[in-house]
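Heads up: the structure comes next, in structure tokens.
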Amino acid sequence: MNPGPLFSAVASTGSGWALPRRPLRSWLPVGSLAAVNLPQVREQTDEPLVLRSQEGDRDAFDELVRRHADRLYSLVAGMIGPGHEAEEVVQETFLRAWKSIGRFRGKSRFYTWLYRIGANEANRRGAQLTSHRSKTAFSVDEETGHELAAVGTDPARSAQLSELRRELSGAVAGLPADQRQAIVLRDMNGLSTAESAEVMGVGEAAFKSKLHRARLRVRSAVADLVDEGI
């Protein structure tokens, strides 16, 4: 099997692929922590494309790449931080998926199978990163900063929200890897408990325990700011 034009750019160069990107949304203190606005690609069925890909259809796999690149990048960036490292992990994930798609038996949904590959790759890459790199993984980028500034015209309020996001970012970055992955899957990417547990390769009870501990640690980290009414 040879990958199609879009995917071959990843395979041949490891760079230069125009990966669709959206910044991770700010965690504002309203409603759920789920604040990432990503396309609802899971409403589409992947099965026909998967079957065609298993038969060597390059265009079909390119379409799977287009469908899932945004969410996969969001997952990886949530685990190891946005930027070049995350892009490389996404590329490696699609390469591994292409090479092993013939062994995909459909016992799970394609995207959970794909995200599990991505999560494993992110965990491997994260273990190689320095402590400084991991602690700054969730820094406020320019576009997100503009989004926060647009929340209101009150400079003081904008500054408070920026401070809250920095504290949230630091709290998530400082979580143990399994807890960070749990909160990224469930609260940042909006997967269900069952889907998140499947991606992590654990039972639902174990996943809920990891997520609960992660949420407690994050809430504790920003408790003072929330008490101040930010």
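The values are calculated or read from the model by the stated rules, or taken from the named source; none is laboratory data. Quick caveat: nothing in here was measured; it's all calculated off a predicted structure. When we count neighbours, we look across all protein chains shown, and the Cβ atoms used for this are built from the backbone with ideal geometry, even at glycine.
Taking the criterion of being of a type in the set (A, V, I, L, M, F, W, C), modelled with pLDDT under 75, within 15 Å of Met79 (Cα to Cα) and surrounded by 20 or more Cβ atoms within 10 Å (Cβ to Cβ), would at least one residue in the range 166-181 satisfy it?
Pass one, the range 166-181, residues of a type in the set (A, V, I, L, M, F, W, C): 168, 171-173, 175, 177.
With modelled with pLDDT under 75 added as a condition, the list becomes none.
No: zero hits.
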Unmet criterion (only one of (1) of a type outside the set (D, E, K, R); (2) within 13 Å of the chain's Cα centre (by Cα); (3) under 18 Å from Leu191 (Cα atoms)) for Pro82: (3)
message: What's the total number of residues in the range 81-99 that are on the phi < 0 side of the Ramachandran plot and without any contact (Cβ under 8 Å) to a residue 12 or more places away in the chain?
response: 2
message: Which pairs turn up if I take residues in the range 146-164 that are under 20 Å from Val222 (Cβ atoms) and look for partners that are at pLDDT below 70 and among the polar types (S, T, N, Q) with beta carbon separation below 7 Å, at least 6 apart in sequence or on another chain?
response: Glu147/Ser26; Leu148/Ser26
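Would you confirm whether or not the range 137-155 contains a residue that is more than 30 Å from Val65 (Cβ to Cβ), of a type in the set (S, T, N, Q) and either modelled with pLDDT of 90 or more or not in a helix (DSSP H, G or I) (or both)? Full working, then the answer.
From the range 137-155, those more than 30 Å from Val65 (Cβ to Cβ) are 148-155; that's our starting set.
This time we only want the ones that are of a type in the set (S, T, N, Q), so: 153.
Narrowing further to those that are either modelled with pLDDT of 90 or more or not in a helix (DSSP H, G or I) (or both): 153.
Within the range 137-155, one or more residues are more than 30 Å from Val65 (Cβ to Cβ), of a type in the set (S, T, N, Q) and either modelled with pLDDT of 90 or more or not in a helix (DSSP H, G or I) (or both).
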message: Residue under question is Trp27, and the condition is that it be out of contact with any strand residue (DSSP E or B) (no Cβ under 6 Å at 6 or more places or on another chain), at pLDDT below 50, buried (at least 19 other Cβ atoms within 10 Å of the Cβ) and not aliphatic (A, V, I, L, M); does it hold?
response: yes
statement: Filtering the range 198-211 down to residues that are surrounded by fewer than 13 Cβ atoms within 10 Å (Cβ to Cβ) and in a helix (DSSP H, G or I) yields Ala205
- prompt: Could you list, in sequence order, the residues of the range 182-197 that are surrounded by 19 or more Cβ atoms within 10 Å (Cβ to Cβ), closer than 18 Å to Trp113 by Cβ and among the aliphatic types (A, V, I, L, M)?
  reply: Val184, Leu185, Leu191, Ala197
